[in-house]
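K.L.:
Could you have a look at this structure, given as structure tokens, before my questions?
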Amino acid sequence: MTDIEIAQQTKMEKITQIAAKLGLTSDQIEQYGDYKAKIKLTPEQAEKSFGKLVLVTSINPTPAGEGKSTVTVGLGDALTQLHQKAAIALREPSLGPVMGMKGGATGGGYSQVVPMEDINLHFTGDMHALTTANNTLAALIDNHIYQGNSLNLDPRRILWKRVLDINDRALRHIVIGLGSPTSGVPREDGFDITVASELMAILCLAEDLADLKRRIGRIVIGYTYDKKPVTVDQLHVTGAISLLLKDAIKPNLVQTLAHTPAIIHGGPFANIAHGCNSVLATRTALKLADYTVTEAGFGADLGAEKFMDIKAPVLGKTPDAVVIVATVRALKMHGGVAKDQLQLENIPALTAGFANLQRHIASMKRYGVPVVVAINQFTADTAAELAKLQELCQQNNTPAEVANVWAHGGSGALNLAKEVLRLTKQDSQFVPLYQADMDLTAKINQVVTQIYGGQKVEFSAKAKRQLRQFKRRGWDKLPVCMAKTQYSLSDSPKLIGAPTDFAIHVRELVPKLGAGFIVALTGNVLTMPGLPKVPAASKMDLADDGTISGLY
Ligand code: ADP
């Protein structure tokens, strides 16, 4: 059965019943139909203390698939089976990958969140609200320039781009304002994908409505002709942009196939943004449940690093345990096996590819948090391969448990859940990767050498010039959000496994003062992805009775 068929056959519980499991009454949620709700932002939650936090991350993704969301959901269900009050905190899927290469982001097999069609498509409209808020600001900026430009904005130095939550390569570089003098002032512009936008990062880092407004107000939209930064506050539209997000800021509540509460909110990509669901959602889960299982995007070099260094300081909580998802198949690919040969047992390739997992184990342990490896079992994995991978982890002093959640749901991850319960009882001392008062160069250097295993950082002439400018403007002590390919520890997607002796090339820095970090664009990473030759969209359909197929 396909993921969507399994999801469609499940009888969901009413969302009020799911809310009740977290101690939420019907007054504390806003229902979007029978199976989805938004959780109201209520001050009374402020007094509640935090439960335990489990962060799920993975090795560098390969075309073989890793299954982080699947394991996150399965682990949450396993904790529920072990009579723990658990909640899952995930990101909202973006339509870019849903229609493109990856498919949805609601897990798979018997470890999914439902209603999966709704969550993967328009859900409660958060992505659309963000897209609209973003593009309203773009329109207000261009209108300001057209209507006399009293702020003296230089049209060649506008930082604020338009966005769309679709992979549309044709919109990466565009010219706007063509036609006639009444159609605006012509300038070069471009689109990013919504999940890479600063507003998405702001939504995910804002602590409440006041913080949302503060952050929106300090967004730098561009520079004047004499190169002074201009903010949204100066444009006097902070209130308008904030009110467009008044509902999107509330976390969404749904359920797993086994009816564990799942809070799904915010969805920045981890390669071109900070890759974690919202602080408000995670905080709500931490206050309402004893165990919160959350996921950060792509490999531990991206999402998990940003969780530790960008999200955790705002959240006010660091993980009590980290689960690193690995598969035999993906590690064999890191060990040099081609995709069409993955069904064959290959212990030497698995052993070689283990180097990638080893790097991530080391980088997560560096933060002082307990680590467990979840081996996401695929049907073609042989007993010898699974045993070998466990042995390699043991030799690395790291517990590893086979999880078969795709085939068996929570029952397939009971050992993993027991290990998580054991690890989260241990005392651990979080060790930050960098100190807040270090400058940008030093912070980037720390990420590259300590997390990626690289040798050095090379800045382009433009990036060097920006470092000097940012220092003059007092922006050089902000955290860094690396934009890097997810496929490699380096900035070159083809360097799989565990490369050494490489340099990371920072080509440009983008100030995101509302989000509160500086993005460092490395290699050729793009903030508007493209669609593949055969997009996932080509296999989807809608039957006359409304049944959806081909979504995964
Ligand atoms: P990630 O979160 O790492 O991107 P997902 O959990 O979204 O990965 O899984 C990606 C795809 O792989 C989904 O379609 C899911 O059904 C499939 N998948 C995950 N784990 C397994 C497994 N053990 N066996 C077969 N398919 C799996």
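K.L.:
Which condition breaks for ILE310 when tested against (1) over 22 Å from VAL373 (Cα atoms); (2) modelled with pLDDT of 95 or more; (3) in contact with a Gly (Cβ under 7 Å, 6 or more places away or on another chain)?
P.N.:
Of (1) over 22 Å from VAL373 (Cα atoms); (2) modelled with pLDDT of 95 or more; (3) in contact with a Gly (Cβ under 7 Å, 6 or more places away or on another chain), only one is false for ILE310: (3).
K.L.:
Can you spot a residue in region 103-126 that is aromatic (Phe, Trp, Tyr) and within 18 Å of the chain's Cα centre (by Cα)? Break it down stepwise before answering.
P.N.:
We begin by selecting, within region 103-126, every residue aromatic (Phe, Trp, Tyr); these are 110, 123.
This time we only want the ones that are within 18 Å of the chain's Cα centre (by Cα), so: 123.
Looking through region 103-126, at least one residue is aromatic (Phe, Trp, Tyr) and within 18 Å of the chain's Cα centre (by Cα).
Residues are listed down the side, and each one gets a yes or a no for (1) under 30 Å from THR131 (Cβ atoms); (2) among the β-branched types (Val, Ile, Thr):
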site: LYS464; (1), (2): no, no
site: ALA520; (1), (2): yes, no
site: THR527; (1), (2): yes, yes
site: PRO535; (1), (2): yes, no
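K.L.:
Where in region 99-193 are there strands (runs of 3 or more DSSP E), lying wholly inside it, with at least 1 residues that are within 16 Å of the ligand (Cβ to nearest atom) and of a type in the set (S, T, N, Q)? Step through it out loud before you land on a result.
P.N.:
Values: elements: 111-114, 153-158, 162-164, 174-176, 187-189, 191-193.
Where strands (runs of 3 or more DSSP E) fall fully within region 99-193 and carry at least 1 residues being within 16 Å of the ligand (Cβ to nearest atom) and of a type in the set (S, T, N, Q), they are 111-114.
K.L.:
Given (1) in contact (Cβ under 8 Å) with a residue 12 or more places away in the chain; (2) part of a loop (DSSP other than H, G, I, E, B), where does LEU495 come up short, assuming only one miss?
P.N.:
(1)
K.L.:
Could we say that ILE263 is surrounded by 24 or more Cβ atoms within 10 Å (Cβ to Cβ) and assigned to a loop (DSSP other than H, G, I, E, B) here?
P.N.:
In short, no.
K.L.:
Right, next: Would you pick out the residues in region 165-175 that are surrounded by 18 or more Cβ atoms within 10 Å (Cβ to Cβ) and either more than 30 Å from SER94 (Cβ to Cβ) or out of contact with any Pro (no Cβ under 6 Å at 6 or more places or on another chain) (or both)?
P.N.:
Residues satisfying the conditions are ASP165, ILE166, LEU171.
K.L.:
Looking for whichever is aliphatic (A, V, I, L, M), surrounded by fewer than 15 Cβ atoms within 10 Å (Cβ to Cβ) and at negative phi here; the options are ALA536, ALA520, ALA436. Which one fits?
P.N.:
Values: ALA536 fails: surrounded by fewer than 15 Cβ atoms within 10 Å (Cβ to Cβ); ALA520 fails: surrounded by fewer than 15 Cβ atoms within 10 Å (Cβ to Cβ).
Answer to the selection: ALA436.
K.L.:
Quick one: ASP34 ticks every box in (1) away from the ligand (no atom under 13 Å from the Cβ); (2) in a helix (DSSP H, G or I) except a single one, so which number is it?
P.N.:
(2)
K.L.:
Here's a follow-up. Would you mention how many residues in region 85-98 are over 27 Å from LEU288 (Cα atoms) and within 13 Å of the ligand (Cβ to nearest atom)?
P.N.:
To start, the set of residues in region 85-98 that are over 27 Å from LEU288 (Cα atoms) comprises 95-98.
Next cut, within 13 Å of the ligand (Cβ to nearest atom) only: 97-98.
Residues that pass the stated criteria total 2.
K.L.:
Also, I was wondering about something else. Tell me whether region 50-66 contains one or more residues that are over 16 Å from the mean Cα position of the chain (by Cα), modelled with pLDDT of 95 or more and of a type in the set (Lys, Arg).
P.N.:
yes
K.L.:
Applying the selection to region 365-389, what residues are in a helix (DSSP H, G or I), away from the ligand (no atom under 16 Å from the Cβ) and either among the β-branched types (Val, Ile, Thr) or touching a strand residue (DSSP E or B) at 6+ places or on another chain (Cβ under 9 Å) (or both)?
P.N.:
Applying the first criterion (in a helix (DSSP H, G or I)) to region 365-389 yields 365, 383-389.
In the following step, the residues that additionally are away from the ligand (no atom under 16 Å from the Cβ) were identified as 365, 384, 387-388.
Of everything in region 365-389, just one residue is in a helix (DSSP H, G or I), away from the ligand (no atom under 16 Å from the Cβ) and either among the β-branched types (Val, Ile, Thr) or touching a strand residue (DSSP E or B) at 6+ places or on another chain (Cβ under 9 Å) (or both), namely LYS365.
K.L.:
Within region 356-414, track down each residue that is buried (at least 17 other Cβ atoms within 10 Å of the Cβ) and at positive phi.
P.N.:
Once the filter is applied, which keeps residues that are buried (at least 17 other Cβ atoms within 10 Å of the Cβ) and at positive phi, region 356-414 yields only GLY409.
The values are calculated or read from the model by the stated rules, or taken from the named source; none is laboratory data. Remember, predicted model here, so these are calculated numbers, not experimental data. Note that we place each Cβ from the backbone using ideal geometry, even for glycine, and neighbour counts take in every protein chain shown.
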